[in-house]
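Colleague: Got a structure for you, questions after.
The values are calculated or read from the model by the stated rules, or taken from the named source; none is laboratory data. Note that the structure is predicted; figures quoted are calculated from it, not measured. Backbone-built Cβ (ideal geometry, glycine too); neighbour counts: all protein chains shown. The area values use the complete protein model at the heavy-atom level, side chains included, leaving out ligands, DNA and RNA. Shrake-Rupley method; radii C 1.70, N 1.55, O 1.52, S 1.80 Å.
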Amino acid sequence: MRFFKDFLLLIILELAVAKFALGEIPTTLDGPFDPVSIPLDDTFRGHAVDLPDSDERLKRTVHGFEPEQISVSLSSTHDSVSISWITGEFQIGDDIKPLDPKSVASVVHYGRVSFVLNKKAMGHSLIYSQLYPFEGLKNYTSGIIHHVKLTGLKPQTRYYYKCGDPYMAAMSKVLSFVTMPASGPQSYPGRIAIMGDLGLTYNSTSTVDHMKSNNPDLVLLVGDVSYANLYPTNGTGSDCYSCSFSDTPIHETYQPRWDYWGRYMQPLISRVPVMVVEGNHEIELQAGNLTFAAYSSRFAFPSRESKSASTMYYSFNAGGIHFLMLGSYAPYNKSDPQYKWLRRDLAKVDREETPWLVALWHAPWYSSYKPHYREAECMKVAMEEMLYKAGVDIVFNGHVHAYERSNRVYNYALDPCGPVYITVGDGGNREKMAIKHADEPGNCPDPSKSPDEFMGGFCAYNFTSGPAAGKFCWDRQPEYSAYRESSFGHGILEVKNETHALWTWHRNQDMYDEAGDQIYIVRQPDRCLVE
């Protein structure tokens, strides 16, 4: 029986390779597909350790109050973006004195010609601190973080800009970005890069290099960005914080890793817009039970424009796509603000203008790996029906450090009108790659240990119907799981028109133009009616 299964898997893989070789990319209309699980390539682990502080790409290269860690982010519509940067040096130690945000101006000069920056915008600035109420732990205060919103921009247009404080001769060099297309059924960004659980390792740099070779127009990060919380405040790193630092009175974080990450990423995200949603590694608990300080301070979010009261969830348009950025770590039940906001946001979506509805959040609802198995079940119970009725087309998640693409699914059953769920938590962070599947003998987790530690709650009961009825785990790869593989990589989404989008997953170990997994995701608006 095992020989037959292995032989059948070999045939399926050969057929898939043949399709790619012939240029015949499968579509979701060909599905649902029989589950495919690629065996782990034991020879490829990569260099899964963090870049050291001494790496030239992480060092501060500016002087005085010149800008660094520059990034571009989108507003809710194409006609505005935010430019963010940091001035001044962070401080970490026992005796720190925060910088005065009012001491440095937040100014952007911009225009459509590199040597004629005839427009000016001013914004606001802030600092944040990471403080601990225990002797021996080092406190941190950031440099001055600036956010400036540029408005009145034309769609699909290159703008040149420089940022900083012109009054103290502390300005950046001239940089540029291209705005998103205007909303419309025939108007889409060229390539959208999607990554999760990135970190700052040698594997991460391989992922980013591969991604940059695909010339993305937009970068989406589905949580777990810098992994600063794998370090206590003395800067000593570990693959497993709880294993190495089990006696610490609070889960410390080494905030300079955020600054290193911003410096490393600046060459990309100062010219390509980046949008981020929080992951569990952004919690970063500190004194006073404050959380998510670095995440909420360092990035600009279109929360106000999308009528959200939180940086943890928001929405925006990019051409004919409406993106929902949802919070796995913000309350999500029907009585909570996030649920009410989502209902209002969905009610305003015009599928004639933005045919595609794409959602992103950190912790996956559909994953067949043992790590974090059914951990976000309470969020799924609360929100899945609303997203299904709204006709969400694709969902992207991270958290599980592997790749997995689902068949169209709703409430664990195959459904031609359900979303395609894609887990891309394989960006390359320092923690271990997920390789064990919950359906394999001895790998089914204890249900009592499934709830998320931060959100709490218990919703992951045994299945009551279907092939796994009466069990907490399937005894084979679930039928909703179309393809899974443990490997580092990133994905590229290319929406072609109002019904077809090409999804390509690239593995780090392959040549830049190779596809590890590729499929056309096809909408059927006439069949799958939106409520």
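Colleague: Just to be sure before I move on: is CYS378 in a loop (DSSP other than H, G, I, E, B), open to solvent by less than 50 Å² (accessible area, probe 1.4 Å) and in contact with a Cys (Cβ under 6 Å, 6 or more places away or on another chain) in the structure I sent?
Modeller: No: the conditions fail for CYS378.
Colleague: Go through ARG191, ARG271 for me and flag whichever is charged (D, E, K, R), under 20 Å from GLU68 (Cα atoms) and open to solvent by 10 Å² or more (accessible area, probe 1.4 Å).
Modeller: Only one candidate qualifies: ARG271.
Colleague: Yes or no: segment 502-524 includes at least one residue that is at pLDDT 95 or above, of a type in the set (Asp, Glu) and outside any loop (DSSP other than H, G, I, E, B).
Modeller: Yes, the conditions are met somewhere in segment 502-524.
Colleague: Restricting attention to segment 336-353, does a residue exist that is among the small types (Gly, Ala, Ser) and free of Cβ contacts under 8 Å to residues at least 40 places away in the same chain?
Modeller: Yes: one or more hits.
Colleague: Of everything in segment 289-309, what is hydroxyl-bearing (Ser, Thr, Tyr), open to solvent by less than 20 Å² (accessible area, probe 1.4 Å) and without any contact (Cβ under 8 Å) to a residue 40 or more places away in the chain? Give them in sequence order.
Modeller: Within segment 289-309, SER303, SER308 meet the criteria.
Colleague: Let me ask something additional. For segment 427-462, which positions are exposed (fewer than 12 other Cβ atoms within 10 Å of the Cβ) and not in a loop (DSSP other than H, G, I, E, B)?
Modeller: Those that are exposed (fewer than 12 other Cβ atoms within 10 Å of the Cβ) and not in a loop (DSSP other than H, G, I, E, B): SER448, LYS449.
Colleague: Can you tell me which residues in segment 441-452 are of a type outside the set (S, T, N, Q) and touching a residue at least 12 places away in the same chain (Cβ under 8 Å)?
Modeller: Within segment 441-452, CYS444, PRO445, PRO447, PRO451, ASP452 qualify.
Colleague: So, one more: Among the residues of segment 108-121, is any aromatic (Phe, Trp, Tyr), more than 25 Å from ARG158 (Cβ to Cβ) and open to solvent by 30 Å² or more (accessible area, probe 1.4 Å)?
Modeller: Scanning segment 108-121, I find no residue that is aromatic (Phe, Trp, Tyr), more than 25 Å from ARG158 (Cβ to Cβ) and open to solvent by 30 Å² or more (accessible area, probe 1.4 Å), so the answer is no.
Colleague: Here are some residues: ALA318, ALA402, ALA363. Which one is open to solvent by less than 10 Å² (accessible area, probe 1.4 Å) and closer than 22 Å to LYS496 by Cβ?
Modeller: Exactly one of ALA318, ALA402, ALA363 is open to solvent by less than 10 Å² (accessible area, probe 1.4 Å) and closer than 22 Å to LYS496 by Cβ, namely ALA318.
Colleague: Here's another thing I want to ask about it. Considering every residue within segment 238-261, establish whether at least one is open to solvent by 10 Å² or more (accessible area, probe 1.4 Å), part of a strand (DSSP E or B), in contact (Cβ under 8 Å) with a residue 40 or more places away in the chain and more than 20 Å from ASN508 (Cα to Cα).
Modeller: Taking every residue of segment 238-261 in turn, none turns out to be open to solvent by 10 Å² or more (accessible area, probe 1.4 Å), part of a strand (DSSP E or B), in contact (Cβ under 8 Å) with a residue 40 or more places away in the chain and more than 20 Å from ASN508 (Cα to Cα).
Colleague: Filter segment 187-209 down to the residues that are touching a Gly at 6+ places or on another chain (Cβ under 7 Å), not acidic (Asp, Glu) and not in a strand (DSSP E or B) and list them by number.
Modeller: SER187, TYR188, PRO189, GLY196, LEU198, GLY199, TYR202, ASN203, SER204, SER206, THR207
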